[in-house]
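Novice: Structure provided below as structure tokens; questions to follow.
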Amino acid sequence: MIGGLFIYNHKGEVLISRVYRDDIGRNAVDAFRVNVIHARQQVRSPVTNIARTSFFHVKRSNIWLAAVTKQNVNAAMVFEFLYKMCDVMTAYFGKISEENIKNNFVLIYELLDEILDFGYPQNSETGALKTFITQQGIKGQHQTKEEQSQITSQVTGQIGWRREGIKYRRNELFLDVLESVNLLMSPQGQVLSAHVSGRVVMKSYLSGMPECKFGMNDKIVIDKQGKGGTTDEPGKSELGGSGKQSIAIDDCTFHQCVRLSKFDSERSISFIPPDGEYELMRYRTTKDIILPFRVIPLVREVGRTKLEVKVVIKSNFKPSLLAQKIEVRIPTPLNTSGVQVICMKGKAKYKASENAIVWKIKRMAGMKESQISAEIELLPTNDKKKWARPPISMNFEVPFAPSGLKVRYLKVFESKLNYSDHDVIKWVRYIGRSGIYETRC
Amino acid sequence: NMTSKYFKNQWNSEIFELKAELNNEKKEKRKEAVKKVIAAMTVGKDVSSLFPDVVNCMQTDNLELKKLVYLYLMNYAKSQPDMAIMAVNSFVKDCEDPNPLIRALAVRTMGCIRVDKITEYLCEPLRKCLKDEDPYVRKTAAVCVAKLHDINAQMVEDQGFLDSLRDLIADSNPMVVANAVAALSEISESHPNSNLLDLNPQNINKLLTALNECTEWGQIFILDCLSNYNPKDEREAQSICERVTPRLSHANSAVVLSAVKVLMKFLELLPKDTDYYNTLLKKLSPPLVTLLSGEPEVQYVALRNINLIVQKRPEILKQEIKVFFVKYNDPIYVKLEKLDIMIRLASHANIAQVLAELKEYATEVDVDFVRKAVRAIGRCAIKVEQSAERCVSTLLDLIQTKVNYVVQEAIVVIRDIFRKYPNKYESIIATLCENLDSLDEPDARAAMIWIVGEYAERIDNADELLESFLEGFHDESTQVQLTLLTAIVKLFLKKPSETQELVQQVLSLATQDSDNPDLRDRGYIYWRLLSTDPVTAKEVVLSEKPLISEETDLIEPTLLDELICHIGSLASVYHKPPNAFVEGSHGIHRKHLPIQHGSIDTGESPVSAGPAASIDQPQVIPSQGDLLGDLLNLDLGPPVNVPQGSSMQIGAVDLLGGGLDSLVRRMYREHSFLWFVKVWLPAVKAKGLEISGTFSRRQGHMYMDMSFINKALQHMTDFAIQFNKNSFGVIPTTPLAMHTPLMPSQSIDISLPLNTIGPVMKMDPLNNLQVAVKNNIDVFYFSTLIPLSVFFVEDGKMERQVFLATWKDIPNENELQYQIKECHLNADTVSGKLQNNNIYTIAKRNVEGQDMLYQSLKLTNGIWILAELRIQPGNPNYTVNARSKEIDRLQNAFDIVQNIFKDILHP
């Protein structure tokens, strides 16, 4: 199990050091600093073995978090724990920065004591932790006996992510379908790989212990229903899902509140939600993806000291929809001495420090096309190394889900309290963003 | 030194101030002071002198202050054991507090105070907390048992805490169950044979129920524990798999990987090609792919594991090669791992895409990555024959870039391509030679030299090229020196007239001016060969080389199986067994894949049951060994009338060494005893005729089971077979029954009955058999080793009385003792397995908990071997004492018998 946990600043000074196991000595703190933080070479692995001690690290801005062990631990668990720890800290005091860590070190020790016992991760749901670890010191002494046992039963209970007795005047929930569409395209326009990784993020403000059921246009479900001949689909088109078309989901993973065995057997997504914001599910699709933009590059080398670049982008969605925050990044060689750009739309600039021409367009409707041309002057160089020609990358945001996912319903049942599914106000939003959206040139 | 003194003084005064603040009357002031102490402690300053003052602050009802004091205590108690006693009362009191949070805090902290004197005081409070009404206290107490065990294992056992922990597995609260499982799993790692966890179907059911209800971390503990369970039959395995499969959709990647581990292990137990088996395989692929959309560190762990999974069961991800394409922004460690997996998944179906990708990668910036990409192109050429031509032309393009390390890497892989496809791409040699001067790495220089030597007859100025390397001979690495020596000797044998001077020069450099023994020895061998028998020298040095293997960098199968049992853990990240990086007792116990019961007729080895393992287990011949390969022929011993091929040597190494697996092509099962089908006569040695086979014993008769394959272009007829005299007088009972001609690329299987009435001549090794096979083309010779077990006759069961008398009769010096390691069978199974091979159990006794088996066996020539097997419960290593009257006649037979025991008992 995890033997110790250290947090360092960018200089390698230790900000937090918590040792759980006797086999981890103080020298472990220095070993990591010397061999990893101060190493000359770029980090070659997130796991480092130094003198039979293994170090796992992640970085958040310029803060290093390292878990140490001398055993054959579950490596995936250690990283997941480090991520979780970052989430918990962010939930408590915002950004993970040197200043925030220094200002909250007592709190961090308290949290580390609670969420990691002898190196075994324990309940680390912020919702539960916040009921008894607060920045004002533990509430302990002011609590009644009932409150205390409520805390302990929540922390150890089956529904560790939600406390009893939550009340809202207005029962409301917000559903965001956030997708990032990834593309790797050859210069000839052939799709080398494309996939959508999506997340369903929910903000729920619901009273009591509501039972929720979430439905989407999952091909497997739709096909099954089609076969069964049932016509009264629960809450059909309730939340604005219109097209009948279904999508093939390659794989999905769920927040721990979702009953996985039920999904496995019936493919239904049912759960008691945490309070506030959380990620309900993640999914991945690879079939029939709507690629919002097509990039057509043309690079010509004119002699040894000049490059001519022309890039066309075409938007590929309903003309009534608008894409936003469009940015095209065209890499330039290291020996670039000057750039002249002409673009039809938006603004383009050569950024020498980033070795790229950055072309920004605020808005663009569907089924449109725009173009940029650039002349790049190069310094003559003796460098034998060829320019690697990094791909042209794109950023954008579109108001639809490139996977084609549609929310069909989200039903809320709370049998003990006096509200029904109809009383809950529901909001659904689709946002598609570029992930790694690259075209080779 | 004034400055350091100044800081020291300053620090002393700080300590002094802190001391005052800690004793301040106001609670708030004291709390602030303790915070300052903790801050100083964090950055490594020594605040141990404040121990009594800090402990004084412990008696408080302010929880935050209490926690800070506890934190201090955990750090310094060990260095101040006497003062730590002061804290005991407070712990005992807190364990009785009405607030469960405080009770848990106390039991959590006291386990972290590693002071022997204190530990005994903590037993009573812990006992109470293990039975506490509040689950939060119980789950904390469960972990405390593990802490105490780490400090004083004996005490924990004596106090019965392990039993209490085991009771918690049936607790109503899932988190208590999960922590108890975690604690027990860790404790049992240091007692590998104690069966602490007592995994039985009832307990497994409880764990599976808790699995649905506990936190993500608890699920990981439970899944990791489940993976150590051996289901009793396939039905149980399947029902566990069914209940574990939903975990593949969990958001936590560790839950997913641990579930994958359980499924990968239990798949071994499921009958192949059933619907369920195939569905399960299909279900494994999407979650593995999803792991690659996680954060880079988790991607890295996932990729290292996928690397193992694709070696074990390539079918799972064979359709998914695209997800392993490298993204420009991937961290370098992710890129390198993806590349590795891409090559493993490369096949005829996807090679075009893969090559296009690799070509892109070869122009990236990171040197390691680019090198690996170039190497990958070479590996594709070797793996997928249809792509070889495209790969070679891609490599040539890359050589034209003149980027130094790209050129060097390309030349190394081109050497391997030449090895794999002789007489195909040599036209590019001229281009390679142009780059001779830019090679500065030993690997690349050696590769280039090898190419020049191997193809000296096609390179006009080969002598000049090799001579240019000779100038700095002593500055070269050993690898280059050895290659150069061989290359020049090859050159001399091919063009003797012009190169006599050169070869003399290199021989004298190697033998007289070098102090490297390898180099000198090789130099002398060549020298003598060349001076005594140039014709033999030519045969030896210019002999045909075995083809290079398709797959390189494969993890050795037994290690792979072990690593599959460690999916998700550090071992799977390092690709090393835990004992390679873990100290002490933890993780020393080796894990094995479960073995399918009663599956004799599946025709596959249960250990490496994956279809890949059986269908096209590649023949791994280390590509580096080619130089030595040239020399192997020299070790044949004195020339005898029967010319022997090098296959004999390989055969001999096989039987006694552990490297069997790698040379195995197909596996055979006779009775329950495995013998291996081996290539006895490779086609290159016999003008296109390949013979492979094995020996077996069926219904009291011996057989030689052979496959004849015609790899030549003409048909073969008139087959006959003859044996040389041998130790057991083995001769064929009937002539070789091949009545039809063997057509090109046809194969015929023949079972040749044998008997032992022929002339006897002692061979070395004893079971060596020299065989001559004739056909219309020529006569070919090979030699092979007959597994001794085929000589064990059916009437090898000795009378009890005779056994006893004989055993006593045999002098002690005729006894041999050895151990059979890592054998997890009970006495009855052992006895049964041995009996299937005509090794009979005469008696079984139980002495002080040990099982003693008395065994006898008889060889066809009437020699008896008696053995005593000692099996201690829980000890996987068996002791065997073997005796025989005819020990002098047997000599190394004992060694062989030892191996037979091993082979029989290790399926």
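The values are calculated or read from the model by the stated rules, or taken from the named source; none is laboratory data. Keep in mind that what you see is a predicted model, and the values were worked out from it rather than measured. Cβ coordinates were reconstructed from backbone atoms using ideal geometry, including for glycine residues, and neighbour counts include every protein chain displayed. These area figures cover heavy atoms from the full protein model, side chains too; ligands, DNA and RNA do not enter into them. Shrake-Rupley method; radii C 1.70, N 1.55, O 1.52, S 1.80 Å.
Novice: When the helices in chain A are scored as -39500 (n - 2.57) per DSSP H run of 4 or longer and the sum is shared across all residues, what 222 nm value do you end up with, to the nearest 500 deg cm²/dmol?
Specialist: The helix contribution divided over chain A gives -5000 deg cm²/dmol.
Novice: Moving on to the next point. Under 5 Å between amide H atoms, partner at least 5 residues away or on a different chain: which partners does B:Ile842 have, H built in plane at 1.01 Å?
Specialist: For B:Ile842, the qualifying residues are B:Tyr854, B:Gln855, B:Ser856.
Novice: Something else now. What is the average number of partner chain Cβ atoms found within 10 Å of a Cβ in A:17-26?
Specialist: So the per-residue partner count for this stretch is 3.
Novice: For the protein assembly as shown, what is one quarter of the convex hull surface built on the Cα atoms, given in nm²?
Specialist: Mean shadow area of the hull around the Cα atoms is 62.7 nm².
Novice: A follow-up question, please. Taking 31 Å as the cut-off for C-alpha to C-alpha distance, list the pairs among A:Lys84/B:Lys93; A:Lys102/B:Lys19; A:Lys262/B:Lys338 that go past it.
Specialist: A:Lys84/B:Lys93; A:Lys262/B:Lys338
Novice: When chain A is modelled as a GNM with alpha-carbon springs shorter than 10 Å, which of A:Tyr109, A:Tyr205, A:Tyr92 fluctuates the most?
Specialist: Result for chain A, Cα springs under 10 Å: A:Tyr109 fluctuates most.
Novice: Now for a different question. Got a number for carbon plus sulfur as a percent of the protein assembly as shown's accessible area, 1.4 Å probe?
Specialist: The computed percentage sits at 50.
Novice: For peptide B:95-105, how many partner chain Cβ atoms fall within 10 Å of a residue's Cβ, on average?
Specialist: Average per residue, whole number: 4.
Novice: Ok, one more. Please give the total accessible area that chains A and B bury against each other, computed with a 1.4 Å probe and expressed in Å² to the nearest 100.
Specialist: When A and B are taken together, about 8300 Å² of accessible area is lost.
Novice: Hydropathy first: keep DSSP H helices in chain A averaging at least -0.5 on Kyte-Doolittle, then drop any whose Cα extent along the axis falls short of 18 Å, and list what survives.
Specialist: Passing helices, by number: A:75-93.
Novice: Compute the long axis of helix B:332-345 from its Cα atoms, compare it with the longest principal axis of the Cα atoms of chain B, and write down the angle in degrees, 0 to 90, nearest 10.
Specialist: 40 degrees
Novice: Please name the residues of region B:136-174 whose accessible area, counted over protein heavy atoms with a 1.4 angstrom probe, falls by no less than 10 Å² between the chain alone and the full protein assembly.
Specialist: Flagged in region B:136-174: B:Tyr136, B:Lys139, B:Val143, B:Ala146, B:Lys147, B:Asp150, B:Asn173, B:Pro174.
Novice: Taking a probe of 1.4 Å, how large is the accessible area per residue of the protein assembly as shown, in Å²?
Specialist: The answer is 43 Å² per residue.
Novice: Here's a follow-up. Long-range amide H contacts for A:Asp251: which residues qualify at under 5 Å (H placed 1.01 Å from N, peptide plane, sequence gap of 5 or more or a different chain)?
Specialist: It is A:Arg284, by chain and number.
Novice: Using per-residue counts of other Cβ atoms within 10 Å, averaged over each peptide, order A:191-204, B:512-525, A:318-331 from highest down.
Specialist: Most protected by this proxy first, the peptides run A:191-204, A:318-331, B:512-525.
Novice: Let me ask you something else. 5 Å is the cut-off here: which amide hydrogens, built 1.01 Å from N in the peptide plane, fall below it relative to A:Gly3, excluding neighbours closer than 5 in sequence?
Specialist: Answer set, sorted by chain and number: A:Val68, A:Thr69, A:Lys70.
Novice: Tabulate in residue order the Karplus-calculated ³J(HN,Hα) for region B:760-767, using 6.51 cos²θ - 1.76 cosθ + 1.60 with θ = phi - 60°, rounded to whole Hz; enter x for Gly and Pro.
Specialist: Using θ = phi - 60°, the values come out as 10, 8, 6, 10, 10, x, 3, 9 Hz.
Novice: Next question, about the same structure. What does the charge count around B:Lys424 come to, taking other residues whose C-beta lies under 12 Å from its C-beta (Lys +1, Arg +1, Asp -1, Glu -1)?
Specialist: -1
Novice: Another question, then. Among the residues of region B:25-45, which ones have their accessible area go down by 40 Å² or more when all the protein chains sit together, as opposed to their chain alone (1.4 Å probe)?
Specialist: B:Thr42
Novice: Students often check this: by mean Cβ neighbours within 10 Å, which of A:33-39, B:755-761 ranks highest, and how do the rest follow?
Specialist: Going from most to least packed, we get A:33-39, B:755-761.
Novice: Continuing with this model, one more query. At a Cα cut-off below 16 Å, give the aspartates and glutamates reachable from B:Lys206, other chains included and same-chain residues fewer than 8 away excluded.
Specialist: Of all the aspartates and glutamates, those that pass the test against B:Lys206 - Cα under 16 Å, at least 8 places apart if same chain - are B:Asp167, B:Asp171, B:Asp198, B:Asp224, B:Glu236, B:Glu242.
Novice: If packing is taken as the average number of other Cβ atoms within 10 Å across a peptide's residues, how do B:866-875, A:246-255, B:741-750 rank, most packed first?
Specialist: Per-residue mean Cβ counts within 10 Å order the peptides as A:246-255, B:866-875, B:741-750.
Novice: Which whole number gives the average, over all residues in A:145-157, of C-beta atoms from other chains lying within 10 Å of the residue C-beta?
Specialist: The per-residue average across the peptide is 6.
Novice: Can you compute 3J(HN,Hα) from phi for each residue in region B:46-54, using the Karplus curve 6.51 cos²θ - 1.76 cosθ + 1.60 with θ = phi - 60°, rounded to whole Hz and x for Gly and Pro?
Specialist: Taking θ as phi minus 60°, the curve returns 8, 10, 5, 5, 8, 3, x, 5, 5 Hz for region B:46-54.
Novice: Quick one: which bits of region A:88-126 get at least 20 Å² less accessible when the partner protein chains are in, versus the chain alone, with a 1.4 Å probe?
Specialist: Those are A:Phe105, A:Val106, A:Tyr109, A:Glu110, A:Asp113, A:Glu114, A:Asp117, A:Phe118, A:Tyr120, A:Pro121, A:Gln122, A:Asn123, which lose 20 Å² or more relative to the chain on its own.
Novice: A further question follows. Could you give each residue of region B:876-882 its phi-based ³J(HN,Hα) in whole Hz, using Karplus coefficients 6.51, -1.76, 1.60 with θ = phi - 60°, and x for Gly or Pro?
Specialist: x, 9, 9, 9, 10, 10, 10
Novice: Could you state the number of Å between the C-alpha centres of region A:1-48 and region B:729-796?
Specialist: Each part reduced to its Cα centre gives a spacing of 64 Å.
Novice: For region B:1-94, restrict the atom set to alpha-carbon positions and state the Rg and Dmax in Å.
Specialist: Gyration radius and largest Cα-Cα distance of region B:1-94: 13.8, 50 Å.
Novice: When all protein chains stay in place, what accessible area (Å², nearest 10, 1.4 Å probe) is found for B:Ser543?
Specialist: 30 Å²
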